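Asks: Mind looking over this structure? Questions follow.
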Amino acid sequence: MIEGKSPYAFIVGSQSSSLATEVAHLLGCEAVSVYKKIFDDGETRLRLPITVAGKEVIIFQTITEQPDAVVFETLRMVDAAKTLGARTITVVFPCYPYARQDRELQNGCDIPPKLIAKLLKTAGADRLVTVDIHAPRQIDDFPLPTYNISTEALFAEYLKQRTVETDEILLFAPDRGALLRVQSLAKTLGCDFGWCDKKRLTDGTLKFANFHGNACGKSVYILDDRIDTGGTLITVATRLKQAGARQIVGIVTHGITSPALLKRLKTAGLDEIIETDTREVIRDKNFVEVLSVAELLAKELKKLNEVHSLPW
Ligand code: R5P
């Protein structure tokens, strides 16, 4: 057992990441991994490796793969922390699991992001913290306080530092869902923006239409909350290149997690990807720029701790 004077007990799930270590460091505590033993039949035994009684417990879960297993692991960690007398329990999902399925996509579909929030509350979580959740409005329906941190300032600062002339830039939304974020960032940067419509057909293929904005001769920055197969980014980039874009850069919060995807993006002619470390992302210094959300997360967690420590 590692004991300390910090108000926090910072426990990291089994898909640990350098982000967790960095956030804990900024909070002045240590990130300690949950103890996990896997039995022959696939069942697991979990144990919280530090004292949680009376502490502000942070359960930090980076989800790079196997989201179902991670969600269940999180529920068990929360339940254990509650049973052991945690003062408060904050679950941090830098990339919220299943966030894209925030509405009934087809008749009969469930809505897993809300279910996850409900189960976490039932297990004993007091609040959730996440980053750039797909469709931010969905957290209004969650049954526990949920804080969605925006990366806009992080990207804006970075782009301002490296941009000479904003009139050479076009910020682009690859679907209506990304348009609000694009408009807001374009306003901060003082540059033009464009957008298109995206429709996912029942066979899973994507259809893009109604392109707005003048890409000719511009450095086009396509902004999206996440990248999965790369289909969205690659198709839109190809269309914008055909429209005369000089350079295409993808900006995504939840970035590239597989070498195969990295290769696909390079082959498709994208010039660069700017992403964050909300998942365990693939690094490639000639093609990928990774901005850390550690400071944003630490700041939010400190703020929450201060607010909830006030005497009533
Ligand atoms: C969905 O609407 C999201 O905002 C992203 O556009 C989507 O997840 C990207 O997925 P993919 O890389 O597979 O096109």
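Asks: Is it true that Ala53 is loosely packed, with under 15 Cβ neighbours inside 10 Å and small (Gly, Ala, Ser)?
Replies: The answer is yes for Ala53.
Asks: If the Cβ limit is 6 Å and pairs must be 6+ apart or interchain, which residue in the range 23-52 that is within 19 Å of Ala86 (Cβ to Cβ) pairs with which residue that is of a type in the set (Val, Ile, Thr) and part of a helix (DSSP H, G or I)?
Replies: Close Cβ pairs satisfying both conditions: Ala31/Thr21.
Rundown of residues vs (1) modelled with pLDDT of 95 or more; (2) among the hydrophobic types (A, V, I, L, M, F, W, C); (3) not assigned by TED's automatic domain parsing to the domain that holds Val236, yes/no style:
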residue	(1), (2), (3)
Lys118	yes, no, yes
Arg137	yes, no, yes
Phe142	yes, yes, yes
Ala156	yes, yes, no
Arg162	no, no, no
Gln183	yes, no, no
Phe208	yes, yes, no
Phe211	yes, yes, no
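Asks: Name the strands (runs of 3 or more DSSP E) wholly inside the range 34-86 in which the number of residues that are over 18 Å from Lys121 (Cα atoms) is 1 or more.
Replies: Per the criteria, 35-38, 44-47.
Asks: Which of (1) touching a residue at least 12 places away in the same chain (Cβ under 8 Å); (2) within 13 Å of the ligand (Cβ to nearest atom); (3) open to solvent by less than 70 Å² (accessible area, probe 1.4 Å) is the odd one out, the single condition Thr205 does not satisfy?
Replies: Of everything listed in (1) touching a residue at least 12 places away in the same chain (Cβ under 8 Å); (2) within 13 Å of the ligand (Cβ to nearest atom); (3) open to solvent by less than 70 Å² (accessible area, probe 1.4 Å), Thr205 misses just condition (1).
Asks: Can you name the number of the only condition in (1) within 16 Å of the chain's Cα centre (by Cα); (2) under 19 Å from Gly177 (Cα atoms) that Gln106 fails?
Replies: (1) is the only condition that Gln106 fails.
Asks: Mind counting the residues in the range 211-243 that are in a loop (DSSP other than H, G, I, E, B), open to solvent by 20 Å² or more (accessible area, probe 1.4 Å) and near the ligand (Cβ under 8 Å from one of its atoms)?
Replies: Of the residues in the range 211-243, 2 are in a loop (DSSP other than H, G, I, E, B), open to solvent by 20 Å² or more (accessible area, probe 1.4 Å) and near the ligand (Cβ under 8 Å from one of its atoms).
Asks: Take the residues in the range 246-264 that are surrounded by fewer than 23 Cβ atoms within 10 Å (Cβ to Cβ) and hydrophobic (A, V, I, L, M, F, W, C), then tell me which one is farthest from the ligand (Cβ to nearest atom).
Replies: Taking the range 246-264 and keeping what is surrounded by fewer than 23 Cβ atoms within 10 Å (Cβ to Cβ), we get 246-247, 249, 257-264.
Now drop any that are not hydrophobic (A, V, I, L, M, F, W, C), which leaves 249, 260-262.
Details: Val249: 15, Ala260: 13, Leu261: 8, Leu262: 13 Å.
Checking each candidate, the answer is Val249.
Asks: Confirm whether Arg137 is assigned to a loop (DSSP other than H, G, I, E, B), within 16 Å of the ligand (Cβ to nearest atom), more than 24 Å from Leu27 (Cα to Cα) and out of contact with any Gly (no Cβ under 7 Å at 6 or more places or on another chain).
Replies: Working: assigned to a loop (DSSP other than H, G, I, E, B): no; within 16 Å of the ligand (Cβ to nearest atom): yes; more than 24 Å from Leu27 (Cα to Cα): yes; out of contact with any Gly (no Cβ under 7 Å at 6 or more places or on another chain): yes.
For Arg137, the condition - assigned to a loop (DSSP other than H, G, I, E, B), within 16 Å of the ligand (Cβ to nearest atom), more than 24 Å from Leu27 (Cα to Cα) and out of contact with any Gly (no Cβ under 7 Å at 6 or more places or on another chain) - is not met.
Asks: Out of His212, His254, I need the residue that is under 25 Å from Thr64 (Cα atoms) and touching a Cys at 6+ places or on another chain (Cβ under 8 Å). Which one?
Replies: His254
Asks: Taking the range 87-106 on its own, how many of its residues are of a type outside the set (A, V, I, L, M) and open to solvent by 30 Å² or more (accessible area, probe 1.4 Å)?
Replies: 8
Asks: I'm told Ile63 meets every condition in (1) modelled with pLDDT under 95; (2) surrounded by fewer than 18 Cβ atoms within 10 Å (Cβ to Cβ) except one. Can you identify the failing condition by its number?
Replies: Every condition holds for Ile63 apart from (2).
Asks: Looking at Leu84, Leu144, Leu120, Leu115 in this structure, which one is surrounded by 17 or more Cβ atoms within 10 Å (Cβ to Cβ) and either on the phi > 0 side of the Ramachandran plot or more than 16 Å from the ligand (Cβ to nearest atom) (or both)? First the steps, then the outcome.
Replies: Values: Leu84 fails: surrounded by 17 or more Cβ atoms within 10 Å (Cβ to Cβ); Leu144 fails: surrounded by 17 or more Cβ atoms within 10 Å (Cβ to Cβ); Leu115 fails: surrounded by 17 or more Cβ atoms within 10 Å (Cβ to Cβ).
When all the criteria are applied, what remains is Leu120.
Asks: Residues of the range 66-81 being in contact with a helix residue (DSSP H, G or I) (Cβ under 7 Å, 6 or more places away or on another chain) and open to solvent by 10 Å² or more (accessible area, probe 1.4 Å), which ones?
Replies: Val71, Leu75, Asp79, listed by residue number.
Asks: Within the range 161-194, take every residue that is touching a Lys or Arg at 6+ places or on another chain (Cβ under 7 Å) and assigned to a strand (DSSP E or B) and give me the one that is nearest to the ligand (Cβ to nearest atom).
Replies: Among those residues, the one meeting the criterion is Leu170.
Asks: Say whether the condition of being under 20 Å from Glu280 (Cα atoms) and open to solvent by 80 Å² or more (accessible area, probe 1.4 Å) is met by at least one residue in the range 40-48.
Replies: The answer is no, given that none of the residues of the range 40-48 is under 20 Å from Glu280 (Cα atoms) and open to solvent by 80 Å² or more (accessible area, probe 1.4 Å).
Asks: Next question, about the same structure. Does Val70 meet the test of being outside the structural domain of Thr202 (by TED's automatic domain parsing) and either under 16 Å from Val129 (Cα atoms) or within 24 Å of the chain's Cα centre (by Cα) (or both)? It would help to see each step written out before you state the result.
Replies: Values: outside the structural domain of Thr202 (by TED's automatic domain parsing): yes; either under 16 Å from Val129 (Cα atoms) or within 24 Å of the chain's Cα centre (by Cα) (or both): yes.
Here the answer is yes, as Val70 does meet what is asked.
The values are calculated or read from the model by the stated rules, or taken from the named source; none is laboratory data. Everything quoted here is computed from the prediction, not taken from an experiment. Counting neighbours? That spans all protein chains shown, and the Cβs are built from the backbone with ideal geometry, glycine included. Just so you know, the surface numbers come from the protein's heavy atoms only, side chains and all, with ligands and any DNA or RNA stripped out. Shrake-Rupley method; radii C 1.70, N 1.55, O 1.52, S 1.80 Å.
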